Amino acid sequence: MRVLGIETSCDETGIALFDSEHGLLADALFSQIDMHVEHGGVVPELASRDHVRRLLPLIDQVLAEAGLEARDVDAIAYTAGPGLVGALMVGAATAHGLAWAWQVPVLGVHHMEGHLLAPMLEEERPEFPFVAALVSGGHTQLVAVHALGDYELLGESVDDAAGEAFDKAARMLSLPYPGGPHIARLAEQGDPTRFRFPRPMTDRPGLNFSFSGLKTHTLTTIKALEAEGALDDQTRADVARAFEEAVADTMVIKCRRALEQTGLKRLVVAGGVSANQRLRQRLDAALEKLGARAFYPRGRFCTDNGAMIAYVGAQRLMAGEHDDQAMIATPRWPL
Ligand code: KG4
Ligand code: ZN
């Protein structure tokens, strides 16, 4: 089955073609970041309008890259939520319109299930069951994945998501949106011993996260340094490093705890923050000691993309699912 995947939940238009026999055939992405950067974050109305502009040309591009035509597509999968409602509706309407024109089934899928299963697009893919750490701009969750569609929430952030904390810390350091990659780059030059930031909720049992205290601590530190006139370039890098170390350490502690609690030996780390190299190094080192292993998506499939949506769609469509409603856009939707 060849499935066209459409992702428009936020600020990237992602399109891909996944073949259940031959794997990923082609994928393309348009990121709206340059358009939103001057506003310091995503402007929902601008995002929706841009998805309208990009979708059809990107679909043509992906079909051409795969050497296929519209009639070769067997089904369509799109992100039905969670996300920005206007952006979701553009993807949903396009998917349903094309499905009607091409007379193929169409299915709305869960964006976080896409992230969760993105490592399945790699050659070395994890077998079920595994623990998944979903770390994106909107979510920080630990999930026990027993099988396709069988997900048990183990813990989640009670306030900010990890990616959101990266974005806010970046803004405090006058770095552009999205902040994660900028913090990571600046932290390279940072001295890890200069500051030690808190590892929130790690001294208590449980698998929930909280990043708002770390955010406040970062802000207080920056304000104090500024007041002393001590926020030079090296100090900014030291702050970025302390922040990144604190997030990575917190994730390691909770992921280790989740593996111990479930007795599982495989960890999937996905979502935008899983692109963070320091997080990956720390997790790999910690898991080796446990005799466990981490699986990650390739760099460009850590953040939003159409490939993960086409993949999930293919699995579910092959299991016989399809939309029976006209069109679905669900801005808030638990996994
Ligand atoms: O999964 P994603 O593309 O979108 C959501 O579904 O939210 O995640 C975006 C988030 C942003 O907060 C961004 O700052 C963060 O992922 N991010 C990173 C890195 N690359 C992206 N955070 C830390 N280190 C990175 N290298
Ligand atoms: Zn995402």
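The values are calculated or read from the model by the stated rules, or taken from the named source; none is laboratory data. Everything numeric here is computed off the predicted structure, so don't read it as measured data. Note: ideal-geometry Cβ built from the backbone for every residue, glycine included; neighbour counts use all protein chains shown.
Quick notes on this one:
- Checking every residue in segment 177-186 against the condition of being more than 16 Å from ligand 2 (Cβ to nearest atom), part of a loop (DSSP other than H, G, I, E, B), under 27 Å from ASP34 (Cα atoms) and in contact (Cβ under 8 Å) with a residue 40 or more places away in the chain gives zero matches.
- In segment 139-159, the residue that is farthest from ligand 1 (Cβ to nearest atom) out of those that are in contact with a helix residue (DSSP H, G or I) (Cβ under 7 Å, 6 or more places away or on another chain) and not in a strand (DSSP E or B) is LEU148.
- Condition check for GLN277 on (1) within 16 Å of ligand 1 (Cβ to nearest atom); (2) touching a residue at least 60 places away in the same chain (Cβ under 8 Å); (3) under 30 Å from ILE76 (Cα atoms): one failure, at (3).
- Residue within segment 126-143 that is more than 16 Å from ligand 2 (Cβ to nearest atom) and of a type in the set (Gly, Ala, Ser) present: no
- Residue list for segment 313-335, restricted to those being touching a Phe, Trp or Tyr at 6+ places or on another chain (Cβ under 9 Å) and either free of Cβ contacts under 8 Å to residues at least 40 places away in the same chain or closer than 21 Å to LEU24 by Cα (or both): GLY313, ALA314
- Sole exception among (1) surrounded by 24 or more Cβ atoms within 10 Å (Cβ to Cβ); (2) near ligand 1 (Cβ under 10 Å from one of its atoms) for TYR311, by number: (2)
- Selected residue (criterion: farthest from GLY138 (Cα to Cα)) from residues of segment 293-308 that are in a helix (DSSP H, G or I) and of a type in the set (A, V, I, L, M): ALA307
Okay, residues lined up against (1) more than 30 Å from GLN261 (Cβ to Cβ); (2) in contact with a Leu (Cβ under 7 Å, 6 or more places away or on another chain):
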position	(1), (2)
LEU116	no, yes
LEU154	no, yes
GLY179	yes, no
ALA184	no, no
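- When ARG71, ARG53 are checked against the criterion of being more than 19 Å from ALA314 (Cα to Cα) and of a type in the set (D, E, K, R), a single residue qualifies: ARG53.
- Condition met for GLY179 (in contact with an Asp or Glu (Cβ under 7 Å, 6 or more places away or on another chain) and over 16 Å from ASP238 (Cβ atoms)): yes
- The residue of segment 91-116 that is farthest from the chain's Cα centre (by Cα), among those that are part of a helix (DSSP H, G or I) and within 16 Å of ligand 1 (Cβ to nearest atom), is GLY91.
- Selection from segment 140-176 of residues that are over 19 Å from LEU279 (Cα atoms), among the small types (Gly, Ala, Ser) and touching a residue at least 60 places away in the same chain (Cβ under 8 Å): ALA144, GLY149
- Condition check for LEU207: within 16 Å of ligand 1 (Cβ to nearest atom), out of contact with any Phe, Trp or Tyr (no Cβ under 9 Å at 6 or more places or on another chain) and under 23 Å from ARG332 (Cβ atoms): no
- Residues in segment 291-310 that are away from ligand 2 (no atom under 14 Å from the Cβ) and at negative phi: ALA292, ARG293, ALA294, PHE295, TYR296, ARG298, GLY299, ALA310.
- Lone unmet requirement of (1) at pLDDT 95 or above; (2) within 22 Å of the chain's Cα centre (by Cα); (3) not aromatic (Phe, Trp, Tyr) for THR216: (2)
- Scan of segment 172-189 for residues that are within 14 Å of ligand 1 (Cβ to nearest atom) and more than 20 Å from the chain's Cα centre (by Cα), ordered by number: MET172, LEU173, LEU175, LEU186, ALA187, GLU188
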